[in-house]
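These notes are about the structure you will find just below.
The values are calculated or read from the model by the stated rules, or taken from the named source; none is laboratory data. These numbers were taken from a predicted model, which means no experiment stands behind them. Counting neighbours? That spans all protein chains shown, and the Cβs are built from the backbone with ideal geometry, glycine included. Remember, those area values only see protein heavy atoms, side chains included, never the ligands or the DNA or RNA. Shrake-Rupley method; radii C 1.70, N 1.55, O 1.52, S 1.80 Å.
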Amino acid sequence: DGDDMPQLAGIDLLVAEDSSVNRFLIERFLADTGMRLRFAHDGGQAVDMVDQRVPDVILMDMSMPVLSGIEATREIRSRPGAQPLIVALTANAFDEDRQACLDAGMNDFLTKPIDRARLLECLTRLLPQVAEAAEA
């Protein structure tokens, strides 16, 4: 029931994920939030899509072809101008992986398998930062 998530409406979300199953699940989980969803199939495509239009938030899978999530994040962070919030999606919940994500410039961290409640909780937690970035 997306009626309880009006604050997510209009947020521009890029999902960088090479698994079609995970892309489908995320799309289903967020279908009724009013978010604007775009999908990249690998890290290189994610960087290209950010160059075209900077999203508010990126869900960045860690292990993708072309560029890994870490490489794509470093590439995006090296760009001048507006920056998205980047949330790592990873099957590895180890502290050193989390640290690698943060070191690369990521803002948050979600472990797979993703469930709707945790995804919405994470996105809602980022909202104040999205609002700040919009005002900057």
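Let me know the shape class of the stretch 55-136, please: from the alpha-carbon gyration tensor, a ≥ b ≥ c as square roots of the eigenvalues, rounded when a/c is under 1.5, otherwise prolate if a/b is greater than b/c, or oblate. Oblate.
For Arg118, project a label point 7 Å along Cα to C-beta. Then give me every residue of the stretch 88-111 with its amide nitrogen under 11 Å of that point. Label zone hits: 89-94, 109-111.
Quote to one decimal, in nm, the extra length available between Arg79 and Ala136 on full extension: 0.36 nm per residue of separation minus the C-alpha distance between them.
On the way: separation 57, 0.36 × 57 = 20.52 nm, distance 1.62 nm.
Net length gain for the segment: 18.9 nm.
In the context of the full set of protein chains, the chain has a per residue accessible area of 49 Å² (1.4 Å probe). Using a 1.4 Å probe over the heavy atoms of the protein chains, calculate the carbon and sulfur portion of the accessible area of the chain as a whole percent. Carbon plus sulfur share of accessible area: 52 percent.
Any idea which of Leu120, Pro65, Asn107 is furthest toward the positive side of the dipole for the chain, if Lys and Arg beta-carbons carry +1 and Asp and Glu beta-carbons -1? It is Pro65, whose Cα lies furthest towards the positive end.
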